[in-house]
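The values are calculated or read from the model by the stated rules, or taken from the named source; none is laboratory data. Note that the coordinates shown come from a computational prediction; the quantities given were computed from them, not determined experimentally. We place every Cβ from the backbone using ideal geometry, glycine too, and count neighbours over all the protein chains shown. Quick note on the areas: whole protein, heavy atoms, side chains included, nothing else; ligands and nucleic acids left out. Shrake-Rupley method; radii C 1.70, N 1.55, O 1.52, S 1.80 Å.
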Amino acid sequence: MSPESIGAIGLLCMILMVVVRIPVALAMLIVGVGGFAAVTTPQSALQMLKDIPVDVLAKYDFSAIPLFILMGVFAAHSGMAGKLFEATRIIFGGVRGSLGIAGIGSSGIFASISGSSLATASTMTRVALPPMEKYGYQPGFACGILAAGGTLGIMIPPSIALLVYAILTEQSVGDMFIAGFLPGILGMVMYSITVMLMVRWKPHLAQRGERTSWKAKLLSLTGLIPFGFIFVIIIAGIFFGLFTPTEGAAVGAFASWAYAAFKGMRMKGLKQSLVETLALSAVVFFMLLGAEALGYFISVSRLSYTLASWIGGLSISPMFVLLAILLMYFLLGLFMDALAMLVITIPVVFPIIVALGFDPVWFGIVAVLTVELGLITPPMGMNIFVIKAVAPHIKLSDMFKGVAPFILSDFIRLAILLAFPAISLVLLG
């Protein structure tokens with residue numbers, strides 16, 4: 001049997017394992033090691049199995065992952081999220097849909113130092129949903145707003161998804177973060193416009209929030225200072241080459257801890273934050289171990305290179321191939337976790353993208369945006385289920401109805417980024 005055939009069979013086996021609910025990381029590891037043994041020798045596979053943990057855990061770039069997670073955990077435990085929502089609520093006070101816009105804005109800002117969509121959705125739902133219900137927001141629509149706002153965490157830097165993509169494809173982490181900034185801001189703006197259009201079209205979805213004075217709006221800006229300070233330090237430091245992304249993550253984590261300590265976090269809270277960070281980091285690193293094993297298998301089977309050569313020989317438009325890949329991402333997103341999708345597919349599709357001449361940084365942005373859609377689309381919709389856990393009194397069906405306009409907004413944003421790649425690349429010079 002040819003190596004390419006073994007590679008194809010291995011991928012099919014992995015898909016079946018995922019379907020029967022075997023953890024994605026374990027499925028990738030089993031297929032990666034087993035397939036590598038089938039193509040080479042069992043001894044080589046065992047040696048690879050011994051080398052992979054050292055390669056992954058000792059890689060300097062990967063050390064940024066637990067630091068970014070820790071930064072977000074400290075931010076969640078310090079009360080920063082509550083102050084952030086209150087500040088944005090006052091700033092947009094008096095505008096119809098102001099609480100919805102505040103939910104989107106505060107989610108986007110919180111995501112800028114959280115790096116996680118699920119963490120953003122969970123934290124902001126606890127903070128923002130009660131006042132939105134108090135002011136007459138239709139519960140499903142309110143949850144849809146917060147679920148959509150949570151997805152900004154996968155795009156606005158520092159993003160764990162962009163970090164993982166950069167490492168898997170050997171791109172600059174700094175370039176990926178900078179390229180994700182404008183698409184992330186575009187998402188915040190388009191989501192806010194969606195809220196305004198929906199409450200104008202269907203006024204029963206939300207009542208007008210309390211009017212606030214200009215003095216109150218200016219004073220409320222103090223609630224944005226902690227986030228702005230940490231975000232500017234990280235992004236400006238990376239952009240101007242003052243430190244690496246890993247060093248930026250360390251600086252951000254320290255700043256978040258310092259703020260949390262200033263606000264009263266004691267040893268119990270610190271211990272809880274560290275345990276939560278370790279648990280989340282273990283999940284991510286186990287997935288990266290599986291992805292590394294799968295990548296070795298795909299490489300020795302030459303499956304991705306064969307596919308790239310075959311597609312390159314077809315008389316079809318490269319854009320058509322790109323759209324087919326993005327459609328695959330969207331369909332996978334209906335059933336799989338966003339990060340799992342990236343680590344499974346990147347070893348296969350990235351050589352194809354490079355062979356077709358697409359910019360790898362730009363592709364990373366549109367791929368992550370497409371993956372982001374899976375966080376709010378049924379039946380998986382991880383953000384929806386996270387919010388359901390926080391607000392069990394609201395029907396799941398109402399939540400999916402509430403998020404539908406934001407799914408349409410994301411499709412429009414994806415079309416804009418496909419038509420105008422410069423939006424992602426202009427800040428790179």
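Mean sequence separation of contacting Cα pairs (under 8 Å, at least six apart), scaled by the length of the stretch 323-429, corresponds to a relative contact order of 29 percent. Annotation for the stretch 147-189 versus the stretch 1-37: alpha-carbon center distance of 29 Å. One chain, two ends: Leu396 and Ile22. Fully extended at 0.36 nm per residue, the span grows by 132.1 nm beyond their Cα-Cα distance.
The peptide list 287-293, 143-149, 104-110, put in order of mean Cβ contacts within 10 Å with the highest first, becomes 143-149, 104-110, 287-293. Peptides 221-233, 162-174, 50-62 ranked from most to least packed by the mean count of surrounding Cβ atoms within 10 Å: 162-174, 221-233, 50-62. Ordering Ser98, Tyr135, Gly248 by the projection of their Cα atoms onto the charge dipole of the chain, which places +1 on the Cβ of Lys and Arg and -1 on the Cβ of Asp and Glu, puts Tyr135 at the extreme positive end.
With θ taken as phi - 60° and the Karplus curve 6.51 cos²θ - 1.76 cosθ + 1.60 applied, the whole-hertz 3J(HN,Hα) list for the stretch 401-413 is 5, x, 8, 4, x, 6, 5, 4, 4, 5, 5, 5, 4 Hz, x standing for glycine and proline. The apolar share of the surface of the chain, taken as the fraction of accessible area on carbon and sulfur atoms (1.4 Å probe, ligands and nucleic acids excluded), comes to 72 percent. Calculated [222 nm] ellipticity per residue, helices only, for the chain: -25500 deg cm²/dmol; basis is -39500 (n - 2.57) per DSSP H run with n ≥ 4, divided by all residues, nearest 500.
Fully extending the segment from Glu170 to Thr41 would add 43.7 nm, taking 0.36 nm per residue of separation and subtracting the current Cα-Cα distance. Considering the chain as a Gaussian network with a 10 Å cut-off on Cα pairs, which listed residue, Ile344, Ile416, Ile234, attains the greatest mean-square fluctuation? Per the Cα network of the chain with a 10 Å cutoff, Ile416 tops the list.
For the stretch 74-86, the Karplus equation 6.51 cos²θ - 1.76 cosθ + 1.60, evaluated at θ = phi - 60°, returns couplings of 4, 5, 5, 8, 9, x, 4, 5, x, 5, 5, 5, 4 Hz by residue, with Gly and Pro reported as x.
Note on the stretch 233-302 and the stretch 94-133: Cα centroid distance 22 Å, given to the nearest whole angstrom.
When the charge dipole of the stretch 1-91 is built from unit charges on Cβ atoms (+1 for Lys and Arg, -1 for Asp and Glu) and taken about the Cα centre, the candidate among Leu57, Gly72, Phe85 whose Cα reaches farthest toward its positive end is Phe85. From the phi of every residue in the stretch 173-186, what ³J(HN,Hα) in whole Hz does the Karplus formula 6.51 cos²θ - 1.76 cosθ + 1.60 yield, where θ is phi - 60° and glycine or proline is x? Couplings: 4, x, 4, 5, 5, 5, 5, x, 5, 5, x, x, 5, 4 Hz. Dipole size of the chain about its Cα centre, with +1 on Lys/Arg Cβ and -1 on Asp/Glu Cβ: approximately 1720 debye, rounded to the nearest 20. One compactness figure for the stretch 108-252 is 1.17, namely its Cα radius of gyration divided by 2.2 N^0.38 Å.
Please check: in the Gaussian network model of the chain (C-alpha springs, under 10 Å), which one of Val20, Val39, Val284 has the largest mean-square fluctuation. Largest GNM mean-square fluctuation: Val20.
Taking 0.36 nm per residue of sequence separation and removing the Cα-Cα distance, the Ala282/Leu408 pair yields an extension gain of 41.9 nm. Computed from Cα atoms, the angle from the helix 98-114 axis to the main principal axis of the chain rounds to 40 degrees. Placing a label point 7 Å from the Cα of Leu242 along the Cα-to-Cβ direction, the residues of the stretch 201-233 whose backbone N falls under 11 Å of that point are 230-233. Counting only alpha carbon atoms, the long axis of helix 139-151 and the longest principal axis of the chain meet at about 50°. The Asp51 and Leu327 beta-carbon pair, evaluated with R₀ = 51 Å, returns a calculated FRET efficiency of approximately 0.90.
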